[in-house]
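Here the structure is laid out as structure tokens; the discussion comes afterwards.
The values are calculated or read from the model by the stated rules, or taken from the named source; none is laboratory data. Given the structure is predicted, the values throughout are model-derived calculations rather than measurements. Cβ sites come from the backbone with ideal geometry, for glycine too, and all protein chains shown count toward neighbours.
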Amino acid sequence: MLSFLNQGGVLYVEFGVAFGETSRYLISGTKAPLVYHGFDTFEGLPKAWRRLPAGAISTKGEVPNIVGENIHFHKGLIQETIDKVNFKSSLKKVFIFDFDLYEPTLFALKHVFSHIDEGDIVYFDEAFDSDERVIIENYFLDVFEFEVIGASPFGLAFKISTSKA
């Protein structure tokens, strides 16, 4: 499934890691050189979402046990941790938005806008929930030309053709 990323190298940026299932899948499925950055508080949702109460999806502050010289987890609020990473890269980039909530998702997207290039992949894990759908409609669609390369009942994956950012 990840074969299109196995040419050259890939920079994965995951906003909302939780227990690390997606991280493990991506890292184990990529044969090309990779760099991975995962952002999360690892303390659970800061407020209720859907039917989940605040604090749900918590690892009690523990980052996933995934170790590697190019694997980096950034623990804390996105507003406090995102500046620690330089997103300029010649690698193909895959941005995964899985914060579930409007405010951190929009903050992260706006921060990486200028680093999303032709051929990069942008994935919204809750694309059909109101929070991420509003971000896609009001911020993403007007900034990028893209091809939809994957969809599920919840998520949408876009391959960027051009950026107007």
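Observations, loosely collected:
- Exactly one residue among LEU91, LEU5, LEU45 is modelled with pLDDT under 90, among the aliphatic types (A, V, I, L, M) and either touching a His at 6+ places or on another chain (Cβ under 8 Å) or closer than 22 Å to SER161 by Cα (or both), and that residue is LEU5.
- Meets criteria (more than 14 Å from the chain's Cα centre (by Cα) and surrounded by 13 or more Cβ atoms within 10 Å (Cβ to Cβ)) for LEU52: yes
- Total residues in segment 55-71, condition hydrophobic (A, V, I, L, M, F, W, C) and surrounded by fewer than 12 Cβ atoms within 10 Å (Cβ to Cβ): 1
Conditions tested, residue by residue: (1) free of Cβ contacts under 8 Å to residues at least 40 places away in the same chain; (2) polar (S, T, N, Q); (3) not in a loop (DSSP other than H, G, I, E, B).
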{"residue": "GLY8", "(1), (2), (3)": "no, no, no"}
{"residue": "VAL13", "(1), (2), (3)": "no, no, yes"}
{"residue": "SER23", "(1), (2), (3)": "no, yes, yes"}
{"residue": "SER89", "(1), (2), (3)": "no, yes, no"}
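- Meets criteria (aliphatic (A, V, I, L, M) and either at pLDDT below 95 or on the phi > 0 side of the Ramachandran plot (or both)) for VAL143: yes
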